[in-house]
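What follows is a short report on a single structure.
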Amino acid sequence: MTDTPTTPEEFEEVKRRHGARAALYAVVAGAFCYPEESNVAELTDAAAVESMREAADRLGCGGAAGDLADALGSPDLDAETLADGYNALFGLPGDDGEYPVVPYEATYTVRDDLSAKQRRIATVSGLLDSLDLDRSDAFHDRHDHVAVELEIMQVLAARRAVAEADPDDEGDARTLELAEATVLETHLADFLPGLAHDLGAAVEREDVPDPAADVYVAAADLASELIEHDRARHPEPPETDAGLGGEPA
C-alpha cells in the first residue's frame, strides 16, 4: 500500500496513476476480445498506442507495453489476421476436442470440478452485478473469460482514479481498493500466469500468423506484469467476496 495522499499534488498524482492502470487494463482486455473491425481499429489507433506507452512508463511496465505497442503497430496486422490468430488459439478445438488455449478462469482454478466451476463463474457474475456491469449483446462467452475479468479491473481502477483524487471520498476509495485486491488474489493471480504459459506454447505449434501471435503473447505478458505490479501494492483481500459476488469457490 502507498501512503495516503494529503496535498493537491499528491491527490493528482494518485489520480494519474490509477488512470494509467485503467488505460492498460482496457488495452489488454480489448486484446483478448474477439477482433471485430471496430475493436481492432481502437487497439491499433496511433494515439491510443502512444497513450498506452505513456501509461506503462508511469507504472514501470514499459517493456511489456512496448512489445504490445510494436505488435499493434505492425503494418502486417489487420482485423482478419488477428481473427485468424484468435480462432487458432481460442476458437477452434483440435482433433482431441481440446482448445489450444482456454481463456476461462475456472478451467485453471478449479479444473474439472463442475460444481466448483459453476460457483466460480457465479462469483464473477456477482462481481459484474455489484459493479452494475452488463455484457454486450455481441459478447457470448462465459463470465469468467479473461477479457471480462481484466475489464472488471479496468472499471475498478477508473473508479479509484476518481475516488482517490477526492479527499472526502476515503471510504469509497478503500472499498474499491479491497475489491481490486479480491479480484487480483481470488481470480486473476491464479489464472493469468497459466494462460500466458499456455499461450506462449500454443503459438509455437498452432497455425497462428506471426503478427497475431506477437499481439497475444505481448498482451498476456503485459497483463501478467500489470497484475504483479498491482498485487505488490495492495492489502490482503477480505476472506470472502462479501458484497462482491459472494464467497469464492
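Just so you know, all these numbers are worked out from the coordinates, no wet-lab data involved. Owing to the predicted nature of the structure, the values given are computational and were not obtained by experimental measurement. Every residue, glycine as well, gets a Cβ built from its backbone with ideal geometry; the counts of neighbours run over all protein chains shown.
Computed quantities for the displayed model
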read-out: Order by protection proxy (mean Cβ within 10 Å, highest first), peptides 213-223, 63-73, 151-161; value: 213-223, 151-161, 63-73
read-out: Extension gain (nm, one decimal) between Glu42 and Arg16, 0.36 nm per residue minus Cα-Cα; value: 7.2 nm
read-out: Highest-fluctuation residue, Glu180, Glu50, Glu164 considered, GNM on the chain with Cα pairs under 10 Å; value: Glu50
read-out: Crossing angle, helix 210-231 versus the chain [Cα axis fit, 0-90 degrees, rounded to tens]; value: 30
read-out: Acute angle (nearest 10 degrees) that the helix 170-186 long axis makes with the longest principal axis of the chain, alpha-carbon atoms; value: 30
